[in-house]
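The values are calculated or read from the model by the stated rules, or taken from the named source; none is laboratory data. Being a predicted model, the structure only gives us computed values, none of them experimental. Note: ideal-geometry Cβ built from the backbone for every residue, glycine included; neighbour counts use all protein chains shown.
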Amino acid sequence: MNKAITQGLVLMPPPFSAGLALWSREDGLSGQGSYLGQANAAYVPSDQDFAGCLELQKTSAVQKLRCFQSIPCQPGMYLRVTARVKAISGALPTVRIAGWAGSGSGSNVTTADQQGPDVALTGYGAVVVVSAIVGSGNRLGVDMVWGTAPAFGHFGLDLTGPTGGVVRIDDITIEDVTDVFHPEMFDWVDVRDYGAVGDGVTDDRAAFDAADTAALGKTVVVSPGVYYIGSHLTFENPVQFEGTLVMPDSQRLACTRNYNLDTYTAAFGSELSGFKKALQALFYFTDHVTLDLNGRRVELTAPINVQALSGLTSFGTRRSLVNGNLVAVAGAGWNTQVVSAVATYAVANPFTLTGVANIASIAVGARVSGTGVGREVYVTSKNVGTSTITLSRALWAAAGTRTFTFTRYAYMLDFSGFTELKRFQISEVEFTCGGNASAINLALSGATFEVFDCGFHLVKDRAITSTGEGCQDLHIENCQFYSNDQNELAQNRTSIAFNTNSNDIKIRNNRASRFGHFGVVAGSGGVFLGNHFFGGDDSLNGVRRAGLVLTQTNAKTFITGNYIDNSFIELSNEHDAEPQYANEYSFGGLSVTGNVFTAQNVAPWFSWIVLTPRGPGHFISGLSVTGNVFYARSGDIDRVESIDTSYATLEFNSFRNISFDQNTFNGVTQRAVSPMLIEHTQNTVSDTWAVNSNNLLPFGGRARNVTAVVAEGAITNAAGAAQFVTPYAQVEQGAGGQFANLKWPSAVKGRVQVTLRVDNPV
């Protein structure tokens, strides 16, 4: 590109034949002295080497020659100034191209390089070509870097060295060589053309802004070098990095037209540095909502505190991280912090520990364990001044002063510094924990955090943790979870795929292999659909652990179409500071429908649905277990459902609204059903027929209701005569209330179909 042609710029200074009044013996400024009439200067119309030339005697230390004409200069423009010179007589001087750089206001731009390289004249009569390239950018081949401030220049040459010598100078030429420094199509601009230095020290922010402003849709090229950028920088045009940037941690780079990991990796010289800066920028600007990792692998050496990276405490606009692999590289950055401390717990203040010793050493986000502490209880905040800690959940049996353990896991992406985060999505990202790290720690509060189509490989402790209520309306879908506990016996595993504290979660179509628990769920309103989670091992008569733990008594949850393998569903109220029943909703609000339950090599007492009341007085109200397949291989189990009475049992005479029906049982000794249809045959006459439920009502419950009695054939007396009589029922009879008595007006015998229920239906 030649701007003299494309923009009609006049770049060539006048020939000497036009008159020496056009040439200055100073800097070329208006009013300064010219060479017209000077004793040491004359125009020579004919010379054997030059068609016409200036003969000049050097009479001062620096003999200046400048044209009065203002030659235009622009950012991105490069000029070659050339002079042909030969010595005639006297002392031999040194020659250099020189110029005076003028700003738009007419002042001298002192930061511009205003002298070119020195060229010594070594003999008489030999023509020496002296040239220099003048341009805005500090680029290879540019002799005089002017930057972007000059608007024009007065060009010529200097004679330096000894005085007295005489030289002849051919007409000085200036040509546009911009095309030498730009590609043929000229579809980009270079930051060096706008004054960028690229020494890693000089703040090049202004030059980058100028290049971006001038690009007008072209690509901004950051040519080789290290560029320090001291403040936030936004590219409104595409950018290509050949050099790298250095920026303070708090300052952001926004590449709005090619926002992806490849761009930021090129900008900062590594995937990790690029990922951090790209993730930081994700929380700013509306030009982009998705950070594409370009399918790249990013190795993390320590947790990324996303809140500190962003500099925000809350964020509520949809953002998405997609398509890549985050790898936890082994190192001290992933060490788990464990602190033990004495503290006091009071039921009246269920979410607080007081008098916490050594509180300064306890990390916010640490898991709390100890006697009377339920699963997945975390420190949400602390006050060192008052020695108090706020808990994510209440403690069920920890009243008084005792020792607690606080365990802080290290997460690859830790969002827990956000007080609120909404609508953040992670999809198609592989978290390669490698047994070194946990994966995701959610914000303290927020809604609609979504994890889609992700992999969690060899999770050390936790895949997805909620230390507060940032799990409201959490979505986990189409993900693969692999524990680092794969080779441990089930009872020794400590890892958990996810936990929640808030409501309305959607857990769909995931697969989880051999975790201590798949999920510990403290909220209600959950949807579990199409998941496959399994927790077996290779031991015989092995112990199995809960796959799903629901810790709110009225779960308001459905569990449908899942494959529950060598693990079970546990209902517990371990996050209740007063776990005994107190005129509240008790266990229920749960639908378990259309699932496949399987187990092998388990002890006979294994069950797939387990209730673990932490206090007395509780019962079941609102439980539907229908259309499931229960299949025990390699040995029968006693029953599919049970009560863990380690702490308390249930009040069977308070059961309400239970449906345990249309299930399929294989390898199960006692098949639970309610309503239960029993055929009872009375071979000897009696006015009281004892109908035995045979402990087949759910959870070994009582025969609380008889909803139908239908005679099959005649009811007869001792003589065999048909009796047209109707019995009444006595329920909850016999040992454990397992019987229902049919009371007849007289002694009779026969066969009846009896429908029993374990509950009152309303």
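Looking at region 83-107 only, could you name the residues that are free of Cβ contacts under 8 Å to residues at least 24 places away in the same chain and polar (S, T, N, Q)? Show your work before the answer.
Pass one, region 83-107, residues free of Cβ contacts under 8 Å to residues at least 24 places away in the same chain: 105-107.
Residues satisfying the conditions are Ser105, Ser107.
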Tell me, yes or no, whether region 37-49 has at least one residue that is assigned by TED's automatic domain parsing to the domain that holds Val128, modelled with pLDDT of 95 or more, on the phi > 0 side of the Ramachandran plot and surrounded by 13 or more Cβ atoms within 10 Å (Cβ to Cβ). no
Take region 528-542 and flag every residue that is touching a strand residue (DSSP E or B) at 6+ places or on another chain (Cβ under 8 Å) and either in a strand (DSSP E or B) or farther than 22 Å from Leu474 by Cα (or both). Phe528, Leu529, His532, Phe533, Phe534, Gly535, Gly536, Asn541, Gly542
All positions within region 262-310 that are surrounded by 16 or more Cβ atoms within 10 Å (Cβ to Cβ) and modelled with pLDDT under 95: Tyr284, His288
Within region 483-491, identify whether any single residue is of a type in the set (D, E, K, R), touching a helix residue (DSSP H, G or I) at 6+ places or on another chain (Cβ under 8 Å) and either touching a residue at least 12 places away in the same chain (Cβ under 8 Å) or under 25 Å from Val379 (Cα atoms) (or both), and answer yes or no. yes
Ala126 passes all but one of the listed conditions (1) more than 59 Å from the chain's Cα centre (by Cα); (2) buried (at least 21 other Cβ atoms within 10 Å of the Cβ); (3) farther than 19 Å from Arg66 by Cα; the exception is number (2)
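Can you confirm whether Glu55 is among the acidic types (Asp, Glu), more than 22 Å from Met144 (Cβ to Cβ) and either exposed (fewer than 15 other Cβ atoms within 10 Å of the Cβ) or touching a residue at least 12 places away in the same chain (Cβ under 8 Å) (or both)? Reasoning before the result, please.
Numbers: among the acidic types (Asp, Glu): yes; more than 22 Å from Met144 (Cβ to Cβ): yes; either exposed (fewer than 15 other Cβ atoms within 10 Å of the Cβ) or touching a residue at least 12 places away in the same chain (Cβ under 8 Å) (or both): yes.
Spelling it out, Glu55 is indeed among the acidic types (Asp, Glu), more than 22 Å from Met144 (Cβ to Cβ) and either exposed (fewer than 15 other Cβ atoms within 10 Å of the Cβ) or touching a residue at least 12 places away in the same chain (Cβ under 8 Å) (or both).
Filter region 531-553 for residues that are surrounded by fewer than 18 Cβ atoms within 10 Å (Cβ to Cβ) and modelled with pLDDT under 95 and give the result. Outline the logic, then answer.
We begin by selecting, within region 531-553, every residue surrounded by fewer than 18 Cβ atoms within 10 Å (Cβ to Cβ); these are 532, 538-541, 543.
If the condition is that a residue be surrounded by fewer than 18 Cβ atoms within 10 Å (Cβ to Cβ) and modelled with pLDDT under 95, then Asp538, Ser539, Leu540, Asn541, Val543 are the ones that fit.
Which is buried (at least 19 other Cβ atoms within 10 Å of the Cβ) and either in the same structural domain as Met144 (by TED's automatic domain parsing) or at pLDDT 95 or above (or both), of Gly76, Gly104, Gly90? Step through it out loud before you land on a result.
Values: Gly104 fails: buried (at least 19 other Cβ atoms within 10 Å of the Cβ); Gly90 fails: buried (at least 19 other Cβ atoms within 10 Å of the Cβ).
Unique residue meeting the criteria: Gly76.
Among the candidates Ser427, Ser416, which residue alone is of a type outside the set (Val, Ile, Thr) and either at pLDDT below 95 or assigned to a loop (DSSP other than H, G, I, E, B) (or both)? Outline the logic, then answer.
Numbers: Ser427 fails: either at pLDDT below 95 or assigned to a loop (DSSP other than H, G, I, E, B) (or both).
Only one candidate passes the filter, namely Ser416.
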Inside region 190-245, can you point out the residues that are buried (at least 16 other Cβ atoms within 10 Å of the Cβ) and among the β-branched types (Val, Ile, Thr)? Val191, Val197, Thr219, Val220, Val221, Val222, Ile229, Thr234, Val239, Thr244
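Rundown of residues vs (1) in the same structural domain as Phe655 (by TED's automatic domain parsing); (2) modelled with pLDDT under 95; (3) hydrophobic (A, V, I, L, M, F, W, C), yes/no style:
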residue	(1), (2), (3)
Asn694	no, yes, no
Ala708	no, no, yes
Ala711	no, no, yes
Ala714	no, no, yes
Ala722	no, no, yes
Pro727	no, no, no
Gln730	no, no, no
Val752	no, no, yes
When you scan region 50-68, do you find a residue that is acidic (Asp, Glu), touching a strand residue (DSSP E or B) at 6+ places or on another chain (Cβ under 9 Å) and assigned to a loop (DSSP other than H, G, I, E, B), even just one? no
Looking only at region 660-669, count every residue that is touching a Lys or Arg at 6+ places or on another chain (Cβ under 7 Å) and either under 18 Å from Ala740 (Cβ atoms) or in a loop (DSSP other than H, G, I, E, B) (or both) and tell me the total. 1
Filtering strands (runs of 3 or more DSSP E) wholly in region 116-184 for at least 2 residues that are β-branched (Val, Ile, Thr) and at pLDDT 95 or above gives 128-135, 166-170, 173-176
Can you tell which of Phe660, Phe652, Phe699, Phe665 is closer than 21 Å to Gly617 by Cβ, buried (at least 16 other Cβ atoms within 10 Å of the Cβ) and not assigned by TED's automatic domain parsing to the domain that holds Ala735? Phe652
Identify, by number, the condition in (1) surrounded by 23 or more Cβ atoms within 10 Å (Cβ to Cβ); (2) closer than 29 Å to Tyr345 by Cβ; (3) of a type in the set (Gly, Ala, Ser) that Ser445 doesn't meet. (1)
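What do you reckon, is Leu36 in contact (Cβ under 8 Å) with a residue 24 or more places away in the chain, in contact with a helix residue (DSSP H, G or I) (Cβ under 7 Å, 6 or more places away or on another chain) and aliphatic (A, V, I, L, M)? Quick ask: steps written out before the conclusion?
Details: in contact (Cβ under 8 Å) with a residue 24 or more places away in the chain: no; in contact with a helix residue (DSSP H, G or I) (Cβ under 7 Å, 6 or more places away or on another chain): yes; aliphatic (A, V, I, L, M): yes.
Considered against the rule, which asks whether it is in contact (Cβ under 8 Å) with a residue 24 or more places away in the chain, in contact with a helix residue (DSSP H, G or I) (Cβ under 7 Å, 6 or more places away or on another chain) and aliphatic (A, V, I, L, M), Leu36 comes out as no.
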Taking the conditions exactly as written (more than 30 Å from Glu641 (Cα to Cα) and in a loop (DSSP other than H, G, I, E, B)), does Ala747 satisfy them or not? no
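Any idea which of Ala308, Ala341, Ala302 is closer than 23 Å to Ala410 by Cα, assigned by TED's automatic domain parsing to the domain that holds Ala394 and in contact (Cβ under 8 Å) with a residue 60 or more places away in the chain? Steps first, answer last, please.
On the way: Ala308 fails: assigned by TED's automatic domain parsing to the domain that holds Ala394; Ala302 fails: assigned by TED's automatic domain parsing to the domain that holds Ala394.
Ala341 is the lone residue from the list that is closer than 23 Å to Ala410 by Cα, assigned by TED's automatic domain parsing to the domain that holds Ala394 and in contact (Cβ under 8 Å) with a residue 60 or more places away in the chain.
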Counting only residues that are more than 9 Å from Tyr228 (Cβ to Cβ) and of a type in the set (Asp, Glu), region 187-210 contains a total of 4
Considering only residues that are hydrophobic (A, V, I, L, M, F, W, C) and in a strand (DSSP E or B), which ones fall in region 389-413? Ile389, Leu391, Phe404, Phe406, Met412, Leu413
